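Single-structure report; data block below.
The values are calculated or read from the model by the stated rules, or taken from the named source; none is laboratory data. Small disclaimer: the values here were computed from a predicted structure and weren't measured. All Cβ positions, glycine included, derive from the backbone under ideal geometry; neighbour counts span all protein chains shown. The accessibility values were calculated without ligands, DNA or RNA, using every heavy atom of the protein model including side chains. Shrake-Rupley method; radii C 1.70, N 1.55, O 1.52, S 1.80 Å.
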Amino acid sequence: MDTSTEEPADRSVEVVRKARGRAVGVLVDAYGTGNYLPAAFNRLGAEVIHVQSSAEPISRMQPWERSAYLDSLVYDVDGSTEQILREVAPLFVLPGQEPGVLLADRLSEALNVRTNGTKLSDARRDKYKMIETVAAAGLRTARQLLTDDVEEAVSWADAFGHWPCVAKPLASASTDEVTICRNAEALRSAFRSVLSSTTVFNGANTKVLVQSYLEGTEYIVDTVSVDGHAYVCGVWQYEKRLLPNGKPIYNRDILLPSDTPAVEALISYTRSVLDAVGIHHGPAHTELIITDDGPALVEIGARVNGHLHPAFHDKAIGVNSADLTALAYLRPQDFLSRYGDGVYERRQPAVVYNAPTELSGTVDSVDEAVVQAIRDRPSVVDLVVKRQPGDVIVPTHDLLTSPLRVFMTHPDPVTLEIDYNFVASVRESVFRIRSTAP
């Protein structure tokens, strides 16, 4: 239903009317993989209202699916949204994706439902405060500087020997504007790029976060928690490629067996990070690098992983973070008895392939025969074609500019590798391009 022309009072009455007598919860900014959450809650008997934190949807993220919700609201700073939700009496409020973290903390606290609270909200969203908070808890982290003065950053790197260093926005995602800088010229270039851009969430970049470079292999640890008892529902090794301009891009996320030697240390460190930043409830994904001295935090997000795909995860692991999140909020005791403080077991090898491209122009058509050939490979669970006819396609420089995502799992690792190599060999044939050059 189109509610854009309704007056606020009408919206209040309509939302409250629809929710009356129903088990209802709230998702804030359920973009991207947040779209998997409504169905998970529905399966356990709860319907969901969507709250959008900004007046306009975030254009650079996959839209939230309106048909999946009982109703929706656009947050109003005058307090009316809280009043409407008090009348609705939701069972839960949580973020669907990164931009909803702060508002979900405020609403869940105000409505007195299960909450991570607002005391450490900034440490779960602001990357500088995140690292400062984790370091203050005695955990290994990068050294860092937050500034809008590039010469201050160059002097900092020179003085403390932080070459290479990493420059990034303060609050973005998907390796947006993340650059590894090996000298002052590269750092100055990265500053210009960050400060002249907006984040993937349409926010302004007014400062640059500069961090010492963590040398080592990068991993991601997925968790869902109830009352501080976290179930680890996947540990993935990142396979990344460094572009000539210093920007790292994802290639494959590789699911590790839980008995892999590195996994125990990663999980122990992650549990300490969850405590440090106050994620006691709900999903989280924690990005780490194992350095020569042990695990160190890259960043943590209080929401489901961006590569969540329930059917894929169910096949490879037997569980998925969308269903686990619904269970955690609707049946917390069941969650604790079945999963609390536990660790997944890998059922079979699995990878998520974020296929890069060197194409540039406008998509004229998608070759459905090539798409079907990919889907027909024995290990392929799903393929997401992220560009359609009429869309602009550019050479991949971050996760958002990867035009294909392929979810692959198979009991035989050789089959999985053969299929990966096949997809890599045909990825540029998926799109037919017309040049945008004059």
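Taking helices (runs of 4 or more DSSP H) as the structural unit, those lying wholly within the range 268-357 and holding at least 3 residues that are surrounded by 22 or more Cβ atoms within 10 Å (Cβ to Cβ), at pLDDT 95 or above and out of contact with any Ser or Thr (no Cβ under 9 Å at 6 or more places or on another chain) correspond to 321-330. Taking the range 214-259 as the range and being at pLDDT below 95, under 21 Å from Val273 (Cβ atoms) and in a loop (DSSP other than H, G, I, E, B) as the test, the residues that pass are Leu214, Glu215, Gly216. Give the residues of the range 400-414 that are open to solvent by less than 30 Å² (accessible area, probe 1.4 Å) and part of a helix (DSSP H, G or I), sorted by residue number. The answer is Thr401, and nothing else. If I filter the range 224-241 for residues that are on the phi > 0 side of the Ramachandran plot, open to solvent by 20 Å² or more (accessible area, probe 1.4 Å) and touching a residue at least 40 places away in the same chain (Cβ under 8 Å), do I get at least one hit? Yes, there is a match, as at least one residue in the range 224-241 is on the phi > 0 side of the Ramachandran plot, open to solvent by 20 Å² or more (accessible area, probe 1.4 Å) and touching a residue at least 40 places away in the same chain (Cβ under 8 Å). Against the test of being open to solvent by 10 Å² or more (accessible area, probe 1.4 Å) and within 14 Å of Arg303 (Cβ to Cβ), the options Leu102, Leu70, Leu94 yield a single qualifying residue, Leu102. Residue count for the range 17-53, restricted to those that are assigned to a helix (DSSP H, G or I), within 23 Å of Asp78 (Cα to Cα) and open to solvent by 20 Å² or more (accessible area, probe 1.4 Å): 2. Here Ser108 passes the criteria (1) part of a loop (DSSP other than H, G, I, E, B); (2) polar (S, T, N, Q); (3) at pLDDT 95 or above except the one numbered (1).
The helices (runs of 4 or more DSSP H) found entirely in the range 121-213 that carry 2 or more residues being under 22 Å from the mean Cα position of the chain (by Cα) are 127-136.
Is there a residue being hydrophobic (A, V, I, L, M, F, W, C), assigned to a strand (DSSP E or B) and under 28 Å from the mean Cα position of the chain (by Cα) anywhere in the range 64-76? Among the residues of the range 64-76, at least one is hydrophobic (A, V, I, L, M, F, W, C), assigned to a strand (DSSP E or B) and under 28 Å from the mean Cα position of the chain (by Cα), which makes the answer yes.
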